[in-house]
Amino acid sequence: MYSEWAPGHVGGESETIIGNWMKSRGNRGQVVIASKVCKLSTRAGLSPKNIAAACDDSLRRLQTDFIDLYYAHAEDPGTPIEETLQAFNALVTAGKVRFIASSNFSAGSMQAALEASLSHKLAAFAGVQNNYNLLFRSEYENGMRDTVARNGLSIMPYFGLARGFLSGKYRRGVVVESQRANGAAEYQNERGWRTLEAIDEIAERHKVSVAAVALAWLRAQPTVSTPIASARTVQQLAEIMQQVTLAPSEIGALSAVTA
C-alpha cells in the first residue's frame, strides 16, 4: 500500500516492480517476500473476503504462487479476530502464505490473537512489526515486548532510524531538504540532539556511520530480530549496511541518554 502514497499511483505498484524483477531473473527461490493487508484504500480491513482478495491481488502482481510472510497491517475493530485468523489460516492451508504476522497491534490484541489461534487450532502470528527505535521506546518496551518474549516471538521494528532522524543528516541548526523532514521534526529537540551527540562519539570510535550505530543498538535489544530502515540512494544503503557490534557500555550509554 505504500506506493499508493505517490501521486498518480493506486497501490501495488511496488509489488508489480518486484514481480517483474523476479521473473526476469528467475530468482524467486532466493527471495523472501513479505506483504501486508488492511490499509490499502481499495482493500481496507481484515474481513475474510478482503484478506482473500488482497492476497490474490498481491500474488498476481508479484507473479508468484506464495507469499513468505503476510502481515495484518493494523487492527480491524470491525472484524472479530477469530474471523481474521480463519481467513489467514485458509491462505496458509492453501499454500498461498507460509507465515502470518501482526503490525501495529497493541499488546492486548496480540495476546488475544495468539490465544484465539491456540484455542481454535488456527495459524498463529509468528512475529511482530511495530514502531521501535532509539528515540521511540516506551510504547514497545512497556507492554508489547513482554508479550513478544513470553510467546517466544521477535519483532522486526520499522522506523529503525526514527523517520530518518538517526540517519546522520539532521543536525542542530541545519535545514534538511527531504520529503521525510516533517516526520523527523518530532525528534528535533534537546533529547534528540543529545542522542545524536552520543551516537557521533560511538560512530567515530568504530569508524562507521551514525545510522549503523543506531541500528546496532536496536539489534542488541531483547526480542529484536532485524530492524527495518529505508534508503533512497546507494550511499544511504551502504551506510545502513555497515555492521558494528557495540560494547555493553556503549549500549548502556545510548539507553541512558534516551531513557
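Each value in this text was obtained by applying a stated rule to the coordinates, not by laboratory testing. These figures come from a predicted structure and were not determined experimentally. As a convention, Cβ positions derive from the backbone with ideal geometry for all residues, glycine included, and neighbour counts pool all protein chains shown.
Rundown of residues vs (1) of a type in the set (Lys, Arg); (2) touching a helix residue (DSSP H, G or I) at 6+ places or on another chain (Cβ under 7 Å); (3) touching a residue at least 12 places away in the same chain (Cβ under 8 Å); (4) crowded, with 16+ Cβ neighbours inside 10 Å, yes/no style:
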site	(1), (2), (3), (4)
Asp200	no, yes, no, no
Val210	no, yes, yes, yes
Thr223	no, yes, yes, yes
Leu237	no, no, no, no
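If you go through the stretch 17-66 and keep only what is out of contact with any Cys (no Cβ under 9 Å at 6 or more places or on another chain), polar (S, T, N, Q) and either surrounded by 15 or more Cβ atoms within 10 Å (Cβ to Cβ) or within 30 Å of Pro77 (Cα to Cα) (or both), you end up with Ser41, Thr42, Ser47, Ser58, Gln63, Thr64. Restrict the check to the stretch 141-161 and report whether at least one residue is surrounded by 13 or more Cβ atoms within 10 Å (Cβ to Cβ) and more than 28 Å from Pro248 (Cα to Cα). Checked against the condition, which is being surrounded by 13 or more Cβ atoms within 10 Å (Cβ to Cβ) and more than 28 Å from Pro248 (Cα to Cα), the stretch 141-161 yields no hits at all. Scanning the stretch 93-118 for residues that are of a type in the set (D, E, K, R) and buried (at least 18 other Cβ atoms within 10 Å of the Cβ) turns up just one, Lys96. If you go through the stretch 125-132 one residue at a time, do you hit one that is within 20 Å of Ile240 (Cα to Cα) and in contact (Cβ under 8 Å) with a residue 60 or more places away in the chain? Yes: the stretch 125-132 contains one or more residues that are within 20 Å of Ile240 (Cα to Cα) and in contact (Cβ under 8 Å) with a residue 60 or more places away in the chain. Output the residue which, of all residues in the stretch 126-138 that are out of contact with any helix residue (DSSP H, G or I) (no Cβ under 6 Å at 6 or more places or on another chain) and within 20 Å of Gln111 (Cβ to Cβ), is surrounded by the most Cβ atoms within 10 Å (Cβ to Cβ). Once the filter is applied, the top-ranked residue is Gln129.
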